[in-house]
1. Cβ contacts < 6 Å: first residue in a strand (DSSP E or B), restricted to segment 695-723; second residue modelled with pLDDT of 65 or more and acidic (Asp, Glu), any location; separation 6+ or different chain. Result?
2. Can you tell me which residue in segment 645-663 is modelled with the lowest pLDDT, limited to those that are of a type in the set (Gly, Ala, Ser) and closer than 20 Å to GLY617 by Cβ?
3. Taking the residues in segment 438-477 that are in a loop (DSSP other than H, G, I, E, B), touching a strand residue (DSSP E or B) at 6+ places or on another chain (Cβ under 9 Å) and closer than 30 Å to SER178 by Cβ as candidates, determine which candidate is modelled with the highest pLDDT.
4. Applying the selection to segment 389-418, what residues are buried (at least 18 other Cβ atoms within 10 Å of the Cβ) and either assigned by TED's automatic domain parsing to the domain that holds TYR500 or closer than 23 Å to TYR336 by Cα (or both)?
5. Within segment 487-519, how many residues turn out to be assigned to a loop (DSSP other than H, G, I, E, B) and modelled with pLDDT of 95 or more?
6. Does LEU715 satisfy being at pLDDT below 70 and in the same structural domain as THR735 (by TED's automatic domain parsing)?
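The values are calculated or read from the model by the stated rules, or taken from the named source; none is laboratory data. Note that the structure is a prediction, hence the values are computed from the model and not measured. As a convention, Cβ positions derive from the backbone with ideal geometry for all residues, glycine included, and neighbour counts pool all protein chains shown.
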Amino acid sequence: MKSLLNSLICVVFMLSTHTVIGQYVFDPTYIHEFKIDFYDSNWDELLDSMASANSGTGSGTGRILATVTIDGFVYDSCGVRYKGNSSMDTTSNKNPFNIDLNYTILGQEHQGKDKFKLANCYSDPSMIREVLMYELSNQYMDCPKANFTKLYINGGYRGIYTNTESIDNEFLKEFYNSSDNPFFKCDPVSFDIFGDNSNLAYHPDSMAYDTLYDMKSLYGLTALQDLTYRLEFFPNTIGNYLDVDRALWFLAVSSAFVHNDGYTAFAHNYYIYKMDNGKWSIILWDVNMSFGGLPFNGTGIFALSTNDMQTQDPFIHAGSPNFRPLIARLLSNPQYKKMYVAHMRTIFEENVNNNYYMQRAQYWHDQIDPEVPSEPYPFYTYQQFVDNLTQDVGNWFSLRPGLQNLMQGREPYIYSLPEFQANPPMITNVDVPVQPEPYASVTITADVSNETNVWLGYRHHKLDYFTRVPMYDDGLHNDGAASDGVYGVDVQMQSLEMQYYVYAENSIAGKFSPVRAEYEFYSIEPKKGLVINELSANNVSIMSDQAGEFDDWIELYNSTSDPIQLYNYCLSDNDSDLYKWVLPNIILQPNSYIVFWADGQTAQGIDHTNFGLDINGETLYLTHLTDSTVDMVEFPDQYPDVTYGRLPNGTGPFEYLIPTFQAENTTLMGEEEVSLPNVNINLYPNPASEFINIQVDEFIQSEIYLYDLNGRVALQSQVNGTILQLDVSSLSSGTYILRLETGGHTEKVVIR
């Protein structure tokens, strides 16, 4: 019989899963709701003053305090300021906002995010350019997510805003697994329409970068100067210091959808981060003026017409290395230019030729259409909102081409260019062995026609860069007969997975397989032998060790038909010390399990490791002294009496599970039926330090329990009615789980 606590966590996990699906703050299926309640009645005057005091572009750096409510979740003492350059106006009643939940209460966050950027749909009659551009771009690169929200300030409705994911430490950790390296928002302190701005040009004085770029890291001016120096003087080795493929996708989506208000026209509105692998990555940002929203591209002083933007050269500035060095240096390389064209082809084939961009534009338009007529501070009329989906609005520098009108003219123009009329190679039947032996040499083959050269790009970890090697059709590389159109190459498996793609080109065009490479790729996984099968980093009552202690534990499984000698295998939670704890001299029989206690108490026996597991998540490695990493799992936050293991047993991906100590994994946590009450709970303030108010939307009688993360009851009370105030001043700081006994409704509570 499951323990009561395990049943509780089952409910917690179901609820958290439901929240992610139905109420994720970037869920695109409905309009969200933000409420800002400033503590100062003269908040508008204070924010205007901060913005006016800022000597350059932007809206200042100071913040004022407010309570922020996001989809019903209340956050105390948040820092709020205006955001933006041209979209912010101290005389406007609908300014964009930058919200920092973490400003006063360290660690305060909403669904893993502590900063939110609310844009005011400025200069966009359609109001959908930003959400649409980010949605389409996310098919090809790691960039922010965006959707729509209603904004209320001190109880007054301000209108529809775009909620855009912040490019901050959380974003960097999610996509680059680090956030401490040189990191810049590419916006100058003082903006010059025809100047360098943040164009990645080299400057002998490193302090010039301090005014041309907004440094978000603790250091990095010299590193950025080094990047620009190499870009100017060593363009032939650009692939050694820049993630070229990400940069090509960045330029391709910007050109395809005429996003001039970024690198193209003014050389600003993007981010750049130096990854752990030593290469810089370009990150798309601030796309509210995409789809021709800025009728200017840096080539002249006059405003562009709709026809100018429909026929804007996809190779614009390619001949201007001093003005736009990123474009010029990349597109002067014949191979990179073919790759860029291949990416542009993919964007048009997947979004424009099939009218997909208009289907998504119509979706976003229809979502906010019922709300737009009641906009209290509109920038455009409702009719202009309706028209701009298909028709032009405005003229001269106020021209905003209709999305459909722009792209219907741009598509035939792009395909009229020689580079896009050229016939690229054809790649079919990309083939690899199914589940090769671990660390074996594998042959990858592909049928390729209309080619002169073929390469394989491969890597062994998602944070590595791809290495490209030639593929051959010479009959000497397991490719069949010479000149039969089958290309092959042998690659040594060096880890638990290999990711790869094929690129082919002829004298005039290139082709990727898969077409979204390097963002998407094929994968090879070797056979599983000895594997990490299940772990518990929050063992409250699942199983105790020989000393009666409920410690962390790690279960290994021999998925082979042969016995495995465990000696020479190691477990570690540190990638710089993969051989941290050597397994004992034990033979594990076929299809058998063994559990080791991860408690750092080796004196308790040979089955106790010299390290413990982190309840907040980390990476666990299984290695062999001769074969390096054999298996690994990067596990997230762990919950009381919920394990993290493979399903299907031994081979599947890791999931939250009903514990099966030293036995087959069978059941996902949350698959058991649990009845939840039809009642909504609102907790405030949360985080709390003295009192927390618990409010429900209907009269109930129920016991309320507050559990710590070890499963112990920290507080108990009873609600009779619709509201209860709990005194939490005696509790230690940390995360707790509040359980409403009637129906098992649960919420996360943070005590400061």
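1. Here the result reads ALA714/ASP708; GLN718/GLU703, each pair linking segment 695-723 to a residue that is modelled with pLDDT of 65 or more and acidic (Asp, Glu).
2. Our first condition is that a residue be of a type in the set (Gly, Ala, Ser); within segment 645-663, this holds for 645, 650, 652, 663.
After this cut, where a residue has to be closer than 20 Å to GLY617 by Cβ as well, the list is 645, 652.
On the way: GLY645: 94, GLY652: 85.
Result: GLY652.
3. The qualifying residue modelled with the highest pLDDT is PHE466.
4. Matches in segment 389-418: ARG410, ILE414.
5. At the first step, the residues of segment 487-519 found to be assigned to a loop (DSSP other than H, G, I, E, B) are 493-497, 506-509, 514-519.
From what's left, modelled with pLDDT of 95 or more: 506-509, 514-519.
Selection size over segment 487-519: 10.
6. Spelling it out, it is not the case that LEU715 is at pLDDT below 70 and in the same structural domain as THR735 (by TED's automatic domain parsing).
Yes or no, residue by residue, for (1) outside the structural domain of ASP124 (by TED's automatic domain parsing); (2) of a type in the set (Gly, Ala, Ser); (3) closer than 18 Å to LEU330 by Cα:
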site: LYS185; (1), (2), (3): yes, no, no
site: PHE191; (1), (2), (3): yes, no, no
site: SER198; (1), (2), (3): yes, yes, yes
site: PHE234; (1), (2), (3): yes, no, yes
site: GLY239; (1), (2), (3): yes, yes, yes
site: ILE272; (1), (2), (3): yes, no, yes
site: ILE283; (1), (2), (3): yes, no, yes
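Residues are listed down the side, and each one gets a yes or a no for (1) buried (at least 19 other Cβ atoms within 10 Å of the Cβ); (2) of a type in the set (Gly, Ala, Ser); (3) over 27 Å from LEU248 (Cβ atoms):
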residue: THR452; (1), (2), (3): no, no, no
residue: HIS461; (1), (2), (3): no, no, no
residue: THR467; (1), (2), (3): no, no, no
residue: LEU476; (1), (2), (3): no, no, yes
residue: SER495; (1), (2), (3): no, yes, no
residue: TYR500; (1), (2), (3): yes, no, no
residue: GLU505; (1), (2), (3): yes, no, no
residue: GLU525; (1), (2), (3): no, no, yes
residue: ASN533; (1), (2), (3): yes, no, yes
